[in-house]
Each structure stands twice: as C-alpha cells, then as structure tokens.
Amino acid sequence: MDIKAQSIYQEMQGMTSETKLGLGESNAIQSNPSSQKFADLLSHAIGTVNDMQLESKSRAIAFEMGDKSLSLADVMIAKEKAGIAFEATIQVRNKVLEAYKQIMSMPV
C-alpha cells in the first residue's frame, strides 16, 4: 500500500488555490478532476486495507480449522500486515483532517 500524506496535503493545497482563483470568475460549481483522483486514491487505499483485513481473517479461520497448508507464522504475518496498513490509514486520515482544519481556518 502506497499512501503518502505529504502528497495528499500538497494536492489539497493545490485544490484550495484553484478554488480561490475560481471564486472571482463565476459562482457555478465546477467539477474538479483532481478531486476525483483524490477520491479514487482514497477509495482504493481503503479497499486495499479492507482486503488485507479480510484475507487475514480468512487465514486465521483456515488455520484454526486445521488447514495444513498454513503455518502460524503465515497467519501472524498476514495479521500484522493488516494491522500496520490499518494504522497507516488512520494516520493518513488524521493528517487529512488536520489539513482540512488548517484550510478551513484560512481567511477568505
């Protein structure tokens, strides 16, 4: 999983500057292609974390049921990968919320 908080923050700053430039031109709401890219990136990242968690759970269940093809190490590695991915997602969420609060506190 490749989530970079700094690039997300820079993209949000770019969207803010584009919005400020667009305020003087018209009041119509325009579709921003970078916002769609951000939404797709976020959706893909959350989907990947969810898939990792589901895979971890299915491996744990299979191991508990006696699947001889899985070792305890495989199950624990999958569990740790899913946990780390989840924690990384939480950290990115926190950074995005922090950036949003900074943007909202900017004077117009």
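For the stretch 33-108, the relative contact order works out to 31 percent when only alpha carbon pairs closer than 8 Å and six or more residues apart are counted. Estimated at 0.36 nm per residue, the fully extended path between Ile77 and Lys37 surpasses their Cα-Cα distance by 11.3 nm.
Values in this text are rule-based calculations from the coordinates and carry no lab data. These numbers come from a predicted model, not from an experiment.
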